[in-house]
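A short write-up of the structure that comes next.
The values are calculated or read from the model by the stated rules, or taken from the named source; none is laboratory data. Here the structure is a predicted model, which is why all the values come from computation and not from measurement. Every residue, glycine among them, receives a Cβ derived from its backbone with ideal geometry; neighbour counts consider all protein chains shown.
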Amino acid sequence: MDFTFSEEQEAFRDVARRFAAEKLAPDFQQREKEGKIDRTLLKEMGALGLLGTDLPEKFGGLGQNSVTSGLITEAISAADLSVSYAQLLTSLNGSIVCNYARPEIAIELVPQLCRGEKMLALALTEPAGGSDAANLKLKARRSDKGYVLNGEKTSISMAAQSDYSLIFARTGTQEQGARGVSCFLVPLDAPGVSRTTFDDLGSIAVGRGSIFCDDVEVPAEYMVGDEGEGFRQVMKGFDYSRALIGLQVLAAAGQSLQETWQQVQERHAFGRPIAKYQGVTQPLAEADTMLTAATLLCYKTLWLRDNGMPHTAEAAMCKWWAPKLAFEIIHQCLLLHGHSGYSKDLPHQQRLRDVLGLQIGDGTAQIQKMIIARERIGNVAVPYV
């Protein structure tokens, strides 16, 4: 086994770290107050090759592998988890467009995503259910010009800030389940589209919200993939995003942990640094151990993907364990900062709130554990089969 990164990967990580330290970290808390991500930042990321790095070169990407994308995600999220969403969504959604959209659409849109000029959301979840993602109510009926969409999508990351969205709609019957779901590329300035933004506990700069479709006309050529295959096609990408989400939250936790190791050396109690007390350092040592293990699991998952090997179970492990662990580590760091840690002047409280949402988004822990069980012993572990 080789635990080193190539010189090229190290170079990408160095660029991402410098950008994060100089451009993101200083305004981390200010972006939360503003509730949005400045497009100038995204264009700078695009110019540096930090968006869609893993997408094919013919579509404006750099043709790098998943591990390299993970290194960038980790570096960006250490400074601002919310901004790292842009990198994750560009890779996930860009790959869907590259693989399944009509070539003329992909060649026009994806380079704009990679340059940070446009943003593309993914709208799958509906109000009636999150975990039961295939049970969609938003309808797409055929028309003379293509399709007409009616319904609501909710809990959509970057809903308010995106220019387009991949919207999953039912083209078949409800009884068909996932086999009756298709995917459409929808401009969010199209007539009949409206949006709301939620007042969330964390990741406020992401701008999670709802997208409403009221007789929205979509040309037939804007269908992404085959009719009735949209859900199954997009689910293939979630193994990738779940590993990246693991690195997102662990990077935020790692930043708090790094700051706390420094703080316990500087803060004194009873005439000596509090690092002298085992009750202080042992929780940090445990956190460092678990953080290292979880990070390695995420990179192993990405490595398996790069080598064309099964990684669904590992991706599910990343998704349920990393957000839970990150929350616990940041919580411990906040407590070890004492009374000052409870203040909004320090970033621990924001990181704590930011990682909490990812115990829900992209699949809850319960769903991930069901996936792991299914991968190990088959459909006998799935209650609805």
| Do we have any residue at all in the range 10-31 that's in contact with a strand residue (DSSP E or B) (Cβ under 7 Å, 6 or more places away or on another chain) and in contact (Cβ under 8 Å) with a residue 40 or more places away in the chain? | no
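Considering only residues that are charged (D, E, K, R), outside any strand (DSSP E or B) and loosely packed, with under 14 Cβ neighbours inside 10 Å, look in the range 180-219 and name the one that is modelled with the highest pLDDT. Full working, then the answer.
Here is the first cut: in the range 180-219, the ones charged (D, E, K, R) are 189, 195, 199-200, 208, 214-215, 217.
Next cut, outside any strand (DSSP E or B) only: 189, 199-200, 208.
With loosely packed, with under 14 Cβ neighbours inside 10 Å added as a condition, the list becomes 189, 199.
Details: Asp189: 97, Asp199: 93.
Per the criteria, the residue is Asp189.
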| said: Cβ contacts < 8 Å: first residue hydroxyl-bearing (Ser, Thr, Tyr), restricted to the range 259-280; second residue at pLDDT 95 or above and outside any helix (DSSP H, G or I), any location; separation 6+ or different chain. Result? | reply: Thr260/His337
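Before we move on, is Arg267 buried (at least 17 other Cβ atoms within 10 Å of the Cβ) and not hydroxyl-bearing (Ser, Thr, Tyr)? Walk me through how you get there before you give the answer.
Working: buried (at least 17 other Cβ atoms within 10 Å of the Cβ): no; not hydroxyl-bearing (Ser, Thr, Tyr): yes.
So Arg267 does not fit the description; no.
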| query | Out of (1) over 17 Å from the mean Cα position of the chain (by Cα); (2) at pLDDT below 95; (3) of a type outside the set (Lys, Arg); (4) under 30 Å from Trp320 (Cβ atoms), the odd one out for Gly172 is which? | reply | (4)
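Keeping to the range 332-341, report how many residues are surrounded by fewer than 17 Cβ atoms within 10 Å (Cβ to Cβ) and modelled with pLDDT of 95 or more. Show your work before the answer.
Going residue by residue through the range 332-341, those that are surrounded by fewer than 17 Cβ atoms within 10 Å (Cβ to Cβ) are 335, 338-340.
After this cut, where a residue has to be modelled with pLDDT of 95 or more as well, the list is 335.
Going through the range 332-341 one residue at a time, the tally reaches 1.
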| request: May I ask you to list pairs of residues, at least six apart or on different chains, whose Cβ atoms are under 6 Å apart, with the first in the range 361-385 being over 29 Å from Tyr85 (Cα atoms) and without any contact (Cβ under 8 Å) to a residue 24 or more places away in the chain and the second being surrounded by fewer than 10 Cβ atoms within 10 Å (Cβ to Cβ) and hydrophobic (A, V, I, L, M, F, W, C)? | output: Asn379/Val385
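If I go through the range 101-129 residue by residue, how many of them are aliphatic (A, V, I, L, M) and within 19 Å of the chain's Cα centre (by Cα)?
Restricting attention to the range 101-129, the residues satisfying the condition of being aliphatic (A, V, I, L, M) are 101, 105-107, 109-110, 113, 119-124, 128.
Next, from what is left, pick out any that are within 19 Å of the chain's Cα centre (by Cα): 110, 113, 119-124.
So the count comes out to 8.
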| task | Under 6 Å between Cβ atoms, at least 6 apart or on separate chains: pull out the pairs that start in the range 292-321 with a residue that is closer than 15 Å to Met1 by Cβ and end on any residue that is not in a helix (DSSP H, G or I). | result | Thr301/His311; Leu304/His311; Asp306/Asn65
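Just give me the residues in the range 40-67 being of a type in the set (S, T, N, Q) and under 25 Å from Ala205 (Cα atoms), in sequence order.
Initial filter on the range 40-67 (of a type in the set (S, T, N, Q)): 40, 53, 64-66.
Of everything in the range 40-67, those that are of a type in the set (S, T, N, Q) and under 25 Å from Ala205 (Cα atoms) turn out to be Thr40, Thr53.
Kindly check whether there is at least one residue in the range 42-57 that is closer than 22 Å to Ala322 by Cα, within 19 Å of the chain's Cα centre (by Cα) and either surrounded by 17 or more Cβ atoms within 10 Å (Cβ to Cβ) or in contact (Cβ under 8 Å) with a residue 40 or more places away in the chain (or both).
The first filter runs over the range 42-57 and keeps only residues closer than 22 Å to Ala322 by Cα, leaving none.
Within the range 42-57 (the criterion being closer than 22 Å to Ala322 by Cα, within 19 Å of the chain's Cα centre (by Cα) and either surrounded by 17 or more Cβ atoms within 10 Å (Cβ to Cβ) or in contact (Cβ under 8 Å) with a residue 40 or more places away in the chain (or both)), the answer is no, since none of the residues qualifies.
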| note | Screening Glu286, Glu328, Glu375 for residues that are surrounded by fewer than 22 Cβ atoms within 10 Å (Cβ to Cβ), more than 21 Å from Leu247 (Cα to Cα) and not aliphatic (A, V, I, L, M) leaves only Glu375
